[in-house]
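Novice: Dropping a structure here in structure tokens format, bear with me for questions.
Every number in this text was worked out from the coordinates using simple rules, so none of it is lab data. Small disclaimer: the values here were computed from a predicted structure and weren't measured. Counting neighbours? That spans all protein chains shown, and the Cβs are built from the backbone with ideal geometry, glycine included.
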Amino acid sequence: MKDILERLIADFQESVLPELLSRRVLLKQMPGKVAVVAGMRRCGKTFFCYQQMRALEAAGSPRSSILYLNFEDERLLPFNTTDLDLLLDVYYAMFPESATQGCWFFFDEIQRIPGWEMFLRRILDERRSRVVVTGSSAKLLSREIATSLRGRSLTTEMFPFSFREFLTFSGIAEPKGRVASTRGRAQMAHAVTQYLEAGGFPDVLRAPVGLRGEILRGYLDVVILRDVVERHGVSNVTALRALLRQILHSPGAKFSVNRFAGQLRAMGIPVAKNALYEFVEHLADAYLVFPVELHTRSVRQRQVNARKIYAIDTGLLRAVSLGITVDRGALLENLVYLALRRQGFQPDYYVTGTGHEVDFVYLDHDGQRQLVQACWTVEAAATRQRELRALTEAMRELGLGEAWLVTWLDEGEENGVRIIPAWKWLLRSPADG
């Protein structure tokens, strides 16, 4: 293992960091804390770390003060707890100044190694080095860090490209000023259509259009097998895949475990309800899906009411549709949810006293409630009345003076509800995260 570590460290020292699109995400980091970068596989965590390394070098840090290691590299197999100590010995022997002057450690998927959290705590206790780790597990990282590092961590969530990043990647300039020209509006409408269909996974956008669906379905298989089946020891893979298929074919729909368990039994697929609850949590842990609960102060009501579930990427939703007509309104709603999550919000859904539903309610960075509804078009009078009624009732019940209704192209304002095209709503924030 010593020879392998020496070779990997030397290879990184001689490598040229790749040119990349700078992500509009701020790494949460400070001395004495582990910076955790969490997100689904292939969403850009490693390249985000490269971005940090390039910034360090630009600021004058020598390459020898940076160590990067990917613990999913097959050359490191088998790698155990004692090899973590060997890693430091090898690195400090190659670059003794790093042991005394401090350095930056970047570790990809280190949570695969038993005892990794105690290893990181020891590095922090030495108070000379900074640590950035990535992982494709939301709860594994947070749970182990919370118990073993006692709050000594800051987590940055990574998602596929935002619409702004998609525009930059595609070489499309944002409209100048608050009012876009007719040509600029048409260009943005076309761009957001492309974004909705392709999604935001970087490698997918680099691929020919005809191969994108295959690549995305490959991502799905890897997540299922490595981040759910292997990580959590799932044996009923048939039920797991059926569950995921149900979720991805109906993004944003309320999901009842009891009802779905009955459907599976009718199909001859035996599964316990508790197992289905666990499957949903495992899929969420892998950043593949995101359950959203009812907005209420009652813990019991949050638990007994069905959750709505969204997916990590609209391109992935289209890739798994297998020719089935995709509900454009559901895709738009999923797009809006992801935009809110990128900004660090944790939306719930809201049901008014008369039973009308609003897609999202959340606390903004000032602690104020915000309401957002997504609807493909409100051209039809009945649709417009339905969407506005839900929002105005929610505004009255929550004591709010305004709300957002995000559509594909419609725009206007009525009774405090600001109707706005998706592209404009996605660009309204000065930052993505």
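Novice: Determine the percent antiparallel among the DSSP beta bridges restricted to the chain, to the nearest 5. Let's see the in-between values first.
Specialist: Values: 16 of 44 bridges.
Percent antiparallel among DSSP bridges in the chain is about 35.
Novice: For the pair Glu402/Thr182, report the inter-label distance in nm, with labels modelled 7 Å from Cα in the Cβ direction.
Specialist: 2.9
Novice: Hey, could you grab the Kirkwood Rh for segment 282-433? Inverse mean 1/r over distinct alpha carbon pairs, Å, one decimal. Walk me through the numbers before you get to the answer.
Specialist: Details: mean 1/r = 0.0619 Å⁻¹.
Averaging 1/r across every pair of different Cα atoms and inverting gives 16.2 Å.
Novice: Here is a further query. If you average 1/r over all unlike Cα pairs in the chain and invert the result, what Kirkwood radius do you get in angstrom? Please report the intermediate quantities before stating the final value.
Specialist: Values: mean 1/r = 0.0424 Å⁻¹.
23.6 Å is the Kirkwood radius here.
Novice: So for Lys273, Lys45, fewest C-beta neighbours within 10 Å to most, what's the order? Present the calculation step by step, with values, prior to reporting the outcome.
Specialist: Numbers: Lys273 12, Lys45 23.
Ascending number of Cβ neighbours within 10 Å: Lys273, Lys45.
Novice: At a 10 Å Cβ-Cβ cut-off, how would you order Ser65, Ser181, Ser256, fewest neighbours first? Please list the in-between numbers first.
Specialist: Details: Ser65 18, Ser181 11, Ser256 14.
Result, fewest neighbours first: Ser181, Ser256, Ser65.
Novice: Check which residues have an amide H placed less than 5 Å from Leu371's amide H, if you skip close sequence neighbours.
Specialist: HN-HN under 5 Å from Leu371: Trp404.
Novice: Hey, another quick one. Counting only pairs 8 or more places apart or on different chains, how many lysine pairs in the chain have C-alpha atoms closer than 17 Å?
Specialist: On the way: Lys28/Lys45; Lys45/Lys139; Lys176/Lys424; Lys254/Lys273; Lys254/Lys308.
Close lysine pairs found across the chain: 5.
Novice: Mind running the shape call on segment 253-327? Use the C-alpha gyration tensor, a ≥ b ≥ c as the square roots of the eigenvalues: rounded below 1.5 for a/c, prolate if a/b tops b/c, oblate otherwise.
Specialist: Numbers: a/c = 1.81, a/b = 1.16, b/c = 1.55.
Since a/c reaches 1.5 but b/c is at least a/b, the shape of segment 253-327 is classed as oblate.
Novice: Where both residues lie in segment 2-157, what percent of DSSP beta bridges are antiparallel, nearest 5? Spell out each step's value before the answer.
Specialist: Values: 0 of 19 bridges.
Counting DSSP beta bridges with both partners in segment 2-157, the antiparallel share is about 0 percent.
Novice: If you don't mind, there's one more thing I want to ask. With the Cα gyration tensor of segment 2-157 giving a ≥ b ≥ c as the square roots of its eigenvalues, does the rule (a/c under 1.5 for rounded; else a/b larger than b/c for prolate; else oblate) give rounded, prolate or oblate?
Specialist: Values: a/c = 1.25, a/b = 1.06, b/c = 1.18.
Rounded shape, in that the Cα axes give a/c under 1.5.
Novice: May I pose another question? Sequence-distant or interchain residues sharing an amide H contact under 5 Å with Glu174, placed H: which?
Specialist: The answer is none.
Novice: For segment 270-320 and segment 71-102, what is the separation of their Cα centres, given in Å?
Specialist: 39
Novice: Among Asp285, Asp83, Asp364, which comes first, second and so on when ranked by fewest other beta-carbon atoms within 10 Å? Don't jump to the answer; show the numbers that get you there.
Specialist: Numbers: Asp285 21, Asp83 16, Asp364 12.
Placing the least packed residue first, the sequence is Asp364, Asp83, Asp285.
Novice: Compute the normalised compactness of segment 159-260: alpha-carbon radius of gyration over 2.2 N^0.38 Å, N being the residue count. Mind showing how you got there, number by number?
Specialist: Working: Rg = 18.3 Å, N = 102, 2.2 N^0.38 = 12.8 Å.
Segment 159-260 yields a ratio of 1.43.
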